[in-house]
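Read through the structure below, which is laid out as structure tokens, and then see the notes.
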């Protein structure tokens, strides 16, 4: 609602300025630093002063006197050296909220693709992967909340070095073939993704002492890329099993996808071959004949030596395959995958995976995006630049501009979190502000272990508060609190911030946390539940709160500021999408929870003797509840039945 009026005010001023002065200007709308100056401030006079060669205050006075009425605006006044302060019609504003007036979705034309999670399918997911998935999933939710058509992709690098190293571990170090590995998968006592976590670390360590073993890696990579032989079969078994484990882990976070594009099909369906020919034809790459890159195909201009796209042995680098993938996302490759159902979510929706053979079941159309967001670690910035350079070298300037690297910094652990998780620290670790983790070195926090620990601690709190409630119910509530705590903690920091995850801080019921947001929503629900327990029903708000009544109740500055805060969800969402920053939604959610808790303590709703005021307060409670639940849903946070 607030965002809708902001746009109306901006449009009205832009139209008037165009007609009055013959100048087209995008009129900015600001929020005054102090509430006594109104709800909006228009600096248009300052924007025009240089062109009109007039004092801003004189221009502001002309604008205020001539612009005429704007829907939702109660008063307008010139302030300071030329600001136009706008005060909203409180009664009309409250009535519009009551009647459900809202801004129409401002969706762009075309499809947006958000690629996120993208965990190498060689071992269990770790805490760093959770930040990628949570950021990507929340951004998908943000875009869909404003009416965008969004395709959530999770790219599976099933032909890369990491998968090859696990295959090396099974085949060469443990002497296991496909049959033995399938038996492991059938054994409920074996947690396969955890087993591969340790095997990957063991194989990596083995290379350090046995350099000749790197030939095994090269041989395995060739076999996997070719898709034939026992090594390739092992690669398929490992990657498929680990992907299923990752999907189960992410589902605990309420993260779902539309399609899983796999690297193997990029090779087997000759996506890379088509992209390779295009790159050679446009002279975007060249064959190096001397130096350390002799025999490699190289993209020039990105560094002194260029970037290797194809190694001298003929294997394609990650970035080469990613150029082909990015071309497909925009519908520029002239090729498509085949698709088959991989699994179904609880609501019956199919998760599709790419295939190299046709399938009977018709699949939706994937790809063909107008903009692509790649949620990838900030440390991969250079490689993302190479992908964009590849698009530009092929003449796809617009698509290069619409390729957004949605980067983020790493997740580390606080010292206190390490103690909670039983991780021993060296003296050197204790001197650092946070503790970095490394899956390659076998030192890290598995995502499922972290979630299990959070749930266990949340369950202790829930059991202490509600000892008589059914155990299964308490477990469900604890899971919702724990996952809400985890998601909020991963979202409240800007993407450029390194996070030092702290269990106790995340689970706190006070402060800027997920449980604080959930607790506010539960409180709002409880007021309405207690009303029903008294044998009363929610009033017919539209029948009892006419414009005059709404105006009387919102004459109270406290009530007005609380309602104003609760009605800015769309404005906060718009700002967050424009900035590509889910943290803005998290910050708004916290301020919304604060506003409701202030409301809760200031107004004893059910004890209010005045009928009009009680009806108004009940409506405010219900409005807060809906806004809290809606904002929490965008963050991927569920509201428990109780806390």
(request) For the range 458-510, would you read off the P(r) tail past 13 Å as a percentage of all alpha carbon pairs? (result) 61 percent
(message) Cβ neighbours within 10 Å, averaged per peptide: list 147-160, 11-24 in order, most packed at the top.
(response) 147-160, 11-24
(request) For helix 611-634, report the angle its Cα long axis makes with the longest principal axis of the Cα atoms of the chain; keep it between 0 and 90° and round to the nearest 10°. (result) 20 degrees
(request) Sort 37-45, 351-359, 517-525 for me by packing, meaning the mean count of neighbouring Cβ atoms within 10 Å per residue, highest on top. (result) 517-525, 37-45, 351-359
(request) Would you mind checking the tilt of helix 2-21 against the longest principal axis of the Cα atoms of the chain, expressed as 0 to 90 degrees and rounded to 10? (result) 80 degrees
(message) Report the gain in length on full extension from residue 51 to residue 608: 0.36 nm times residue separation, minus Cα-Cα distance, nm rounded to one decimal.
(response) 194.9 nm
(message) Restricting the calculation to Cα positions, tell me the Rg (one decimal) and the Dmax (whole number) of the range 446-559 in Å.
(response) 19.3, 58
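For a distance above 18 Å, tell me the whole-number percent of Cα pairs in the range 415-506 that qualify.
53 percent
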(request) Give the residues of the range 368-386 whose amide nitrogen is closer than 12 Å to a point set 7 Å from the Cα of residue 404 in the direction of its Cβ. (result) 370-375
(message) I need the shape label for the range 266-341. Rule: rounded when a/c is under 1.5, else prolate if a/b > b/c, else oblate, with a, b, c from the alpha carbon gyration tensor.
(response) prolate
(message) Just to verify a number: FRET efficiency for residue 529 and residue 251, C-beta to C-beta distance, R0 = 30 Å, to 0.05?
(response) 0.50
(message) Bin width 10 Å, origin at 0, all Cα-Cα pairs of the range 508-634: what percent of pairs per bin?
(response) 12, 42, 32, 12, 1
(message) For the chain, what does the helix formula give at 222 nm: sum of -39500 (n - 2.57) over DSSP H segments with n ≥ 4, over the residue count, nearest 500 deg cm²/dmol?
(response) -16500 deg cm²/dmol
(message) Compute the angle between helix 230-252 and the longest alpha-carbon principal axis of the chain, please, reported from 0 to 90 degrees and rounded to the nearest 10.
(response) 20 degrees
(request) For a quick protection proxy, order the peptides 77-84, 465-472, 369-376, 192-199 by their average other-Cβ count within 10 Å, most packed first. (result) 369-376, 192-199, 77-84, 465-472
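Please pull out the direction-averaged projected area of the range 2-88, using the convex hull of its alpha-carbon atoms, in nm² to one decimal place.
5.0 nm²
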(request) Mind giving me the nanometre distance, one decimal, between the label points for residue 273 and residue 109, set 7 Å out from Cα along Cα→Cβ? (result) 3.7 nm
(message) For residue 378, project a label point 7 Å along Cα to C-beta. Then give me every residue of the range 499-521 with its amide nitrogen under 11 Å of that point.
(response) 499
(message) For q values of 0.05, 0.07 Å⁻¹, compute log₁₀ I(q)/I(0) with the Debye formula on a Cα-only model of the chain, without solvent.
(response) -0.30, -0.57
(request) Return the distance in nm (one decimal) between the two label points of a simple spin-label model at residue 423 and residue 626, each offset 7 Å from Cα along Cα→Cβ. (result) 4.4 nm
(request) Once you have all Cα-Cα distances for the range 163-312, histogram them in 5 Å bins from zero and send the whole-percent values. (result) 2, 8, 14, 15, 16, 16, 13, 10, 5, 2, 0
(request) Compute the distance in nm between two label points, each set 7 Å from the Cα along the Cα-to-Cβ direction, one at residue 180 and one at residue 361. (result) 3.5 nm
(message) Between residue 79 and residue 385, what's the calculated FRET efficiency when r is the beta-carbon distance and R0 is 41 Å? Round to 0.05.
(response) 0.35
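Taken together, the values in this text are just the output of simple stated rules run on the coordinates, not laboratory data. Since this is a predicted model, take the numbers as computed values, not measurements. Neighbour counts run over all protein chains shown; Cβ positions are idealised from the backbone, glycine included.
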